[in-house]
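Written below as structure tokens is the structure these notes are about.
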Amino acid sequence: MEIFQSQQYKRYRSAYVTQCTIEHLLGLLVLDAFFAKLLSYIGLSDSMVGIISSFASLAFLFQLLSIRLVQTKLSTKKIVIVADVGSQAFFMLLYFIPFIPLPDSLKKGLVMAAVMIAQAAKACISSLYFKWANTYVAPDKRATFSAGKECISLLVGIAFSAGAGLIIDKYESIGNIEGGFLFIGLTMLVLNLANFISFVLIKDESADARNSMRIPTKEVLGHIRSNKIFAHFIFTGFLFSFASGLSAGFIGIYKTKDLAFSVFTIQIINITADFLRMGLSIPIANYSKKFGFIKGIQLSHLMNAAGYLLICFTSPTTRWLIIPYTLLAHVSQAASYQNSFNVYYTLLSTQYMTQAMAIRQTITGLTTFFASILGGYILEQIQAAQNTLWGIPLYGQQFLCLLSLLLFIPAFFLENKYVVSPLLQKNRVEQ
């Protein structure tokens, strides 16, 4: 374990933290209010905005490529750099599309293509990168390291998102929203250069580590089938993904359009939520370390369910309910982010982890995407009826969140019975 305390490993971890912070900043610019503002400007409907926001889920189909990538003799570092930096370049392209002299229909097609390519490139290397970077983190420190890394990303992101939101609102107030898009695009260019440098500073995975992952897919599938707890984990992941996919992608446009919040106001709410998330990251990490990573994920599910309940009652007259919803959503991300990857170490042998992660995330990603298509159809029908359902005044997002909540409840109890309880019992026996 002494090697993890070496100066060399500390430098690799520092570069890893820096890269994750930069990735967080880039992610802020293609999420929520910024992204919704761009897509609305280009002329996409509310339902289409939600579906495009769910392309990240569809892109998990490309995680199956990681199964093939681990079979190659290519450098893990080179694969990750090309895919991730390329992904961010396509995200950056989005903010230059308003300046391209093309018909609106072609611009919409270009947006969808750029988002899909960017998300696909990121998805195919996410499990590879996690395993590679975490080889420089001591196994017994991964929970606290993840929490600390997240706190740094959030702290930097708080100042960044406030500044960016203020600048976008300033451009919009003078009738020059395109100037705001240009600012974001150039900012992403600078950040992506820093992203590339951070990757370069992390040592490549050893040949032995790469060879240990070259396991036939048939053997991986056999391991999954024989691992009953992990098989149930896949099934409950499918249920939760369908539930969240129905509504999650449509909340961003709801904030800026129906609830009429400015981008800066949304960023202030997000900043408040990030401060809370940051303050609770270490306690959540300690909770997960004490009771198990899977219990941390369940904590995230409970907060998501409470958030859906709040949106059921959020309308233009009660729009400030979006604040407790955002607080719950951000803190739930702390619980899921810290534990979603780490739980694989609990459920699987290391040599199967990359491939098994790819299979599960492909299933949940496809589920989320197709659920968003259904959600988009329901939203369009409610909007076509002048925001009424069966004669009851209701916004589409309210009804979608009600459906998500109703689906979350049985999924939670199934996960508790078939995943959490057997896993905790297994851990007690091993101890």
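Kirkwood hydrodynamic radius computed over the range 120-165 comes to 12.5 Å, based on all pairs of distinct alpha carbons.
Distant-in-sequence amide contacts of Leu389, defined by a placed amide H-H separation under 5 Å and a gap of 5 or more residues or a different chain, comprise Leu394. The lysines within cross-link reach of Lys10, meaning a Cα-to-Cα straight distance under 20 Å and a gap of 8 or more places when in the same chain, are Lys77, Lys131, Lys141, Lys149, Lys203.
For the range 257-380, what does the alpha-carbon gyration tensor say about shape, rounded, prolate or oblate, given a ≥ b ≥ c as the root eigenvalues, a/c under 1.5 as rounded, and a/b over b/c as prolate? Oblate shape, in that a/c is at least 1.5 and b/c is the bigger or equal ratio. Full extension of the chain segment joining Gln425 with Glu380 gains 11.6 nm, where the gain is 0.36 nm per residue of separation less the Cα-Cα distance. For the range 151-167, 3J(HN,Hα) computed residue by residue from phi via the Karplus equation (6.51, -1.76, 1.60; θ = phi - 60°) reads 4, 5, 4, 5, 4, 5, x, 4, 5, 5, 5, 5, x, 5, x, 5, 5 Hz, glycine and proline entered as x. A Stokes-Einstein calculation at 20 °C with viscosity 1.002 mPa s, built on the Kirkwood radius of the range 323-431 over Cα pairs, returns a diffusion coefficient of 125 µm²/s.
Which whole-number percentage describes the relative contact order of the chain, with Cα contacts under 8 Å and a sequence gap of 6 or more? About 27 percent, as a whole number. In sequence order, the range 187-192 has phi-based couplings of 4, 5, 4, 5, 5, 5 Hz under the Karplus curve 6.51 cos²θ - 1.76 cosθ + 1.60, θ = phi - 60°, and Gly or Pro positions carry x.
Across the range 339-350, computed HN-Hα scalar couplings (Karplus, 6.51 cos²θ - 1.76 cosθ + 1.60, θ = phi - 60°) run 9, 4, 7, 5, 5, 5, 5, 6, 8, 10, 6, 4 Hz from first to last residue, x flagging Gly and Pro. Modelled this way, with points 7 Å down the Cα-to-C-beta line, the labels at Ser14 and Leu106 are 4.9 nm from one another. Positive end of the dipole of the chain (Cβ unit charges, origin at the Cα centre): among Ile373, Ile174, Phe264, the Cα lying farthest that way belongs to Ile373.
Take each peptide in 400-406, 387-393, 113-119, count the other Cβ atoms within 10 Å of every residue, and average; sorted highest first, the result is 400-406, 113-119, 387-393.
Simple point charges give the picture: +1 on the Cβ of Lys and Arg, -1 on the Cβ of Asp and Glu, and for the range 8-425 a dipole about the Cα centre of about 1340 debye. Given in Å, the Rg to one decimal and the Dmax to the nearest whole number for the Cα atoms of the chain are 21.3, 68.
Ranked for footprinting exposure by Cβ neighbours inside 10 Å, fewest first, Asp274, Asp204, Asp140 give Asp140, Asp204, Asp274.
Taking each DSSP H run with n ≥ 4 as -39500 (n - 2.57) and averaging over every residue of the chain yields -25000 deg cm²/dmol at 222 nm. Taking 17 Å as the straight-line reach from the Cα of Lys170, the lysines in range (excluding those fewer than 8 positions away in the same chain) are Lys37.
For the pair Leu389 and Leu406, the difference between a 0.36 nm per residue extended length and the Cα-Cα distance amounts to 4.4 nm. Relative to the dominant Cα principal axis of the chain, helix 76-94 is inclined by about 0°. For the pair Gln7 and Glu178, label points projected 7 Å from Cα toward Cβ lie 5.3 nm apart.
The equivalent ellipsoid of the range 71-192 has semi-axes of 32, 22, 10 Å, largest first, where each one is the square root of 5 times an eigenvalue of the Cα gyration tensor.
Any read-out appearing in this document is the output of simple, stated calculations on the displayed coordinates, not a laboratory observation. Everything numeric here is computed off the predicted structure, so don't read it as measured data. As a convention, Cβ positions derive from the backbone with ideal geometry for all residues, glycine included, and neighbour counts pool all protein chains shown.
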